[in-house]
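Have a look at the structure below before the remarks.
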Amino acid sequence: MSAALAAFADKLDDAARNATATPQLTETYPDFSAAEAYAVQLMLLQRRWARGERRVGYKMGLTSRAKMVQVGVSEVIWGRLTDAMRQDEGGVLKRGKFVHPRVEPEIAYIIGKPLAGEVSAAEALQAVEAVAPALEIIDSRYQNFKFALPDVIADNSSSSGFYVGPWAPRSTDVSNLGIVMEVNGRPVQIGSSAAILGNPIRSLVSAARLVGRAGESLMPGDIVLAGGATAAHALTPGEHIQTHFQTLGRVSFNVEA
Ligand code: 0L1
Ligand code: MG
């Protein structure tokens, strides 16, 4: 079985590197479990680390009702971030490097003290060094952005890029901040950070539990993306994306072919 899972990791790695969609893994293996999917995700990341990418944190996915409805599932999932995924705030995103990228507004935490396992919201907050406005670029490696839950977990929970804006102190209240995402000056998504599990700190609590269950810990310096606060917007060359986060500031970038 592990050879089959390794072949899945190769397939997803090739799809990401060639920016070419691949069929869902569940089409050929309908019994694909979430546990096997997380094993494939780890193998996928091991390929990236072997090429010199560094781990820089984690992403939480499907943390808002809008996202769950958009992809038709009801569970929180997680993935891993590497330094190669980090994009320069205000810079250019090359659309051609992705299959069918989308952007969604998020809240980012940077961790100051190790955190793993069953923790309270207060304990999670104590482990935070700072918070920031963020944008995640998600890009499913599956055809038509369609997948079952194990497919998306194996595909690193669609993670493919992220932007982080100015860091603010841990004491900043991010529980219910207004968020407006504009495309070429026109609002396309309006929401609140409260859409992230009612309060983004709950996403960090879930991250500690789920990452801990996999034998890993959130470590000092790790970035944790708490999850999308609105539905995602599909990116097209020529777009200027600017997202305003109440209190925290703006994050922007330009899309080129
Ligand atoms: O970050 C997310 O919430 C995305 C998780 C995977 C589902 C998707 O690709 O939309
Ligand atoms: Mg996300």
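The values are calculated or read from the model by the stated rules, or taken from the named source; none is laboratory data. Everything quoted here is computed from the prediction, not taken from an experiment. Every residue, glycine as well, gets a Cβ built from its backbone with ideal geometry; the counts of neighbours run over all protein chains shown.
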Exercise. Kindly list, by first and then second residue, each pair from a residue in the stretch 69-91 that is under 24 Å from Q242 (Cα atoms) to a residue that is modelled with pLDDT under 95, limited to pairs with Cβ atoms under 6 Å and residues at least 6 apart or on different chains.
Key: Q70/A231
Quiz prompt | Lone unmet requirement of (1) under 23 Å from S64 (Cβ atoms); (2) under 13 Å from the mean Cα position of the chain (by Cα) for T82 | solution = (1)
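Only one of E75, E104 is touching a Lys or Arg at 6+ places or on another chain (Cβ under 8 Å) and either more than 21 Å from L42 (Cα to Cα) or at pLDDT below 95 (or both); which?
E104
Only one of these is within 16 Å of ligand 2 (Cβ to nearest atom), among the acidic types (D, E) and closer than 24 Å to V205 by Cα: E36, E75. Name it.
E75
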Self-check item: Verdict on L62 being at pLDDT below 95, under 16 Å from the mean Cα position of the chain (by Cα), within 16 Å of ligand 1 (Cβ to nearest atom) and not hydroxyl-bearing (S, T, Y)
Solution: yes
Quiz item: Among the residues of the stretch 195-205, is there at least one that is over 30 Å from D31 (Cβ atoms), of a type in the set (A, V, I, L, M), touching a residue at least 12 places away in the same chain (Cβ under 8 Å) and more than 16 Å from ligand 2 (Cβ to nearest atom)?
Solution: yes
Exercise. Only residues that are within 15 Å of ligand 1 (Cβ to nearest atom) and either among the basic types (K, R) or surrounded by fewer than 24 Cβ atoms within 10 Å (Cβ to Cβ) (or both): list them for the stretch 203-227, please.
Key: S206, L210, I223
Quiz item: Counting only residues that are in contact with an Asp or Glu (Cβ under 6 Å, 6 or more places away or on another chain) and away from ligand 2 (no atom under 15 Å from the Cβ), which one in the stretch 221-250 is farthest from A130 (Cα to Cα)?
Solution: P237
Self-check item: Given (1) of a type outside the set (F, W, Y); (2) touching a Leu at 6+ places or on another chain (Cβ under 7 Å); (3) part of a strand (DSSP E or B), number of the condition M68 does not satisfy
Solution: (3)
